[in-house]
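Novice: Once you've had a glance at the structure underneath, I'll fire off some questions.
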Amino acid sequence: MVAAPLQAWARGLRDLTGDGGVRKAELRPGSGPAVPPAASAAVFSPFLALGCTVKYSGYLEHRDVPFCTNGYDRSPGLMKLGKDITLRGLEIGLLTMKKGEVARFVFTPDYAYGCQGCPPLIPPNATVMFEVEVLDFLDSDESDRFFELTAEQQDTFPLQKVLKVADTEREFGNYLYRKQHFESAKDRYKRAFSILGRSPSSEAEQCQIDASRLLVLLNLSLTYLKLERPAQALAYGEKALEIDRRNAKALFRCGQACLCMTEYEKARDFLVRAQRIQPFNHDINNELKKLASCYKNYMEKEKQMCCRMFTPLSSSD
């Protein structure tokens with residue numbers, strides 16, 4: 001892929017730094033805003049091959065095989081610019097990219113691995129090329145700064161900013177949940193929930209807080225089910241019902257949790273209430289069928305146990 005000298009090939013590319021140190025070729029446009037400086041970004045390149053949480057590939061001159069790559073990782077993590085992504089040229093390049101964009105960058109040594117290189121893979125004064133695709137990013141600047149404050153300082157924040165921080169944390173949790181990182185998702189949801197306990201100054205503020213808390217509680221209940229901790233799933237589901245007693249999702253989560261704990265009567269109560277609210281919900285109806293099957297098996301086992309208890313012992317001659 002990289003047959004020609006990189007610096008000669010890169011002369012026709014967009015100069016991002018003014019000194020030719022970072023040049024860019026857009027291979028596929030993205031959409032929306034560019035990656036913000038404080039973002040956590042998940043990046044992917046289809047040309048990569050070694051494992052780390054950010055997906056990209058790096059090539060040396062005259063080499064067809066990348067010296068670093070993680071394209072086989074199907075679940076890229078969110079990486080913090082300046083913390084997890086530290087290559088100077090890559091940071092600069094990412095700040096020009098949008099979600100869904102694919103780009104090719106050429107970095108001179110000053111923006112890559114310097115005059116010493118990174119033996120044995122990267123020689124001294126190496127010009128390198130990177131191929132990158134931005135899958136997703138979340139702007140965490142305000143959230144990170146908020147959680148660095150003391151509890152007293154956090155209390156002085158306007159409610160709208162607190163709700164925005166909680167929403168950012170929930171979005172992080174949702175991203176981690178989709179990647180099946182349930183323990184980390186649970187921690188993000190709990191962080192969001194921890195700042196939503198402030199006293200409102202009006203009924204309108206209470207409604208806003210309750211709406212935000214309800215979403216987080218439903219997420220926590222579902223995540224604890226995935227973690228196979230149904231008691232906690234039930235507890236958070238019941239907290240959600242304290243906010244909205246007719247919330248079908250909360251009733252469904254509670255029913256699922258009770259079924260996992262073999263509390264069949266409680267499970268039936270929650271699921272029937274959910275079904276009354278959403279009678280054609282496929283998931284609710286299937287869970288009731290599952291409950292009926294589990295209860296039938298449970299009763300058959302109970303019957304067999306009782307029969308064994310009352311079977312007379314055979315007497316020997």
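Novice: What distance in nm lies between label points placed 7 Å from Cα along the C-beta direction at Asn281 and Glu265?
Specialist: 2.4
Novice: Figure the gain on full extension for Ala292 and Asp244 (residue separation times 0.36 nm, minus the Cα-Cα span) and round it to one decimal in nm.
Specialist: Difference between extended and current length: 14.6 nm.
Novice: Peptides 186-199, 140-153: what's the order by average Cβ count within 10 Å, highest mean first?
Specialist: So the order, starting with the most tightly packed, is 186-199, 140-153.
Novice: To the nearest Å, what is the center-to-center distance of the range 275-297 and the range 112-155, using C-alpha atoms only?
Specialist: Using only Cα atoms, the two centres lie 47 Å from each other.
Novice: Apply 1/(1 + (r/R0)^6) to the Cβ-Cβ distance of Ala151 and Ser202, taking R0 = 25 Å, and write down the FRET efficiency to the nearest 0.05.
Specialist: 0.65
Novice: Testing the spin-label approximation: label points 7 Å from Cα along Cα→Cβ at Asp110 and Glu91. State their distance in nm.
Specialist: 1.6
Novice: Still on this model: When only Cα pairs under 8 Å and 6 or more residues apart are kept, what is the percent relative contact order across the range 142-308?
Specialist: Computed over the range 142-308, the figure is 13 percent.
Novice: Looking at this model, which pairs from Lys190/Lys296; Lys186/Lys249; Lys161/Lys226; Lys99/Lys164; Lys98/Lys161; Lys161/Lys186 are more than 29 angstrom apart at the alpha-carbon?
Specialist: Where the Cα-Cα span goes over 29 Å, the pairs concerned are Lys190/Lys296; Lys161/Lys226.
None of the figures in this text is laboratory data; all of them are computed from the coordinates on show. As the structure is a computational prediction, the values presented were derived from the model and not from experiment. Every residue, glycine among them, receives a Cβ derived from its backbone with ideal geometry; neighbour counts consider all protein chains shown.
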